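All remarks here apply to the structure that follows.
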Amino acid sequence: MAVVPVARPPLTLAERTYLPQIAAGLRTTWKHLVRPKQTLEYPEQRPALPAGYRGVPTLVRDPHGREKCVSCQLCEFVCPPKAIRITPGEIAPDAPTAHVEKAPREFEIDMLRCIYCGMCQEVCPEEAIWLQNQFSMTGTSREEMVNRKDRLYELGGTLPDQHLKWDRKAAAEQAGNDRH
């Protein structure tokens, strides 16, 4: 490998004393000192969030208060930092939602690992996981930063659902049982 010498131009007196750079830094500092302050009194005043903001992932219920999650575990598999853990559970045969395949026995999201990428929401076929506009998650221990199933439903609440697919399935199963 050949070494190619590069000729460097000599520095001027001003460049050797760094005076232009110091003056530029002081000019920036002075501009920030005299400009009117735009303060935000958090948490009473919140910053405006841009459209499409991806915040805390939560679980949501359908308009009838039923769990939408069917433990397909796609969100767990697609999560890049592996922040989601799901333990599938069976639904009792005599339960009103027995026609659903399964439901999560345990569902937890480790907010210390979550990178708010939104892939869990995109992959969910049931639209059970949503990213809320909440951006401030605090805790005093690692355990407090792991959102379990009950906390995820508390944060997510209920979202309107245009599909109501479980209602149609239940009606179709009832019609099929009536024919037999």
Those residues of region 44-62 which are without any contact (Cβ under 8 Å) to a residue 60 or more places away in the chain and either over 13 Å from the mean Cα position of the chain (by Cα) or not in a loop (DSSP other than H, G, I, E, B) (or both) amount to 44, 45, 46, 47, 48, 50, 51
Being out of contact with any Phe, Trp or Tyr (no Cβ under 9 Å at 6 or more places or on another chain), surrounded by fewer than 15 Cβ atoms within 10 Å (Cβ to Cβ) and in contact (Cβ under 8 Å) with a residue 12 or more places away in the chain is the filter here; which residues of region 97-115 pass it?
101, 102, 105, 106, 112, 113, 115
Quick test of your reading of the structure: residue 88 fulfils all but one of (1) at pLDDT 90 or above; (2) in a helix (DSSP H, G or I); (3) over 27 Å from residue 135 (Cα atoms). Name the failing condition by number.
(2)
Name the residues in region 74-85 that are surrounded by 15 or more Cβ atoms within 10 Å (Cβ to Cβ) and either assigned to a loop (DSSP other than H, G, I, E, B) or of a type outside the set (Val, Ile, Thr) (or both), would you?
74, 75, 76, 79, 83, 85
Residue that is surrounded by the most Cβ atoms within 10 Å (Cβ to Cβ) [pool: residues in region 39-68 that are within 21 Å of residue 117 (Cβ to Cβ) and among the hydrophobic types (A, V, I, L, M, F, W, C)]:
59
Condition broken by residue 92, with the remaining ones in (1) within 20 Å of residue 138 (Cα to Cα); (2) of a type in the set (A, V, I, L, M, F, W, C); (3) free of Cβ contacts under 8 Å to residues at least 40 places away in the same chain; (4) surrounded by fewer than 19 Cβ atoms within 10 Å (Cβ to Cβ) satisfied:
(1)
Scan region 130-142 and report the pairs whose first residue is over 9 Å from residue 56 (Cα atoms) and whose second residue is of a type outside the set (Asp, Glu) and not in a loop (DSSP other than H, G, I, E, B), with Cβ atoms within less than 6 Å and a gap of 6+ or a chain change.
139/145
Working only within region 120-159, note down all residues that are within 12 Å of the chain's Cα centre (by Cα), in a loop (DSSP other than H, G, I, E, B) and either crowded, with 18+ Cβ neighbours inside 10 Å or among the acidic types (Asp, Glu) (or both).
none
Taking the stated definitions as given, is residue 84 of a type in the set (Val, Ile, Thr) and closer than 20 Å to residue 161 by Cβ?
no
Do you know which residues across region 12-23 are surrounded by 10 or more Cβ atoms within 10 Å (Cβ to Cβ) and on the phi < 0 side of the Ramachandran plot?
14, 15, 17, 19, 20, 21, 22, 23
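The values are calculated or read from the model by the stated rules, or taken from the named source; none is laboratory data. As the structure is a computational prediction, the values presented were derived from the model and not from experiment. Virtual Cβ from ideal backbone geometry, glycine too; neighbours counted across all protein chains shown.
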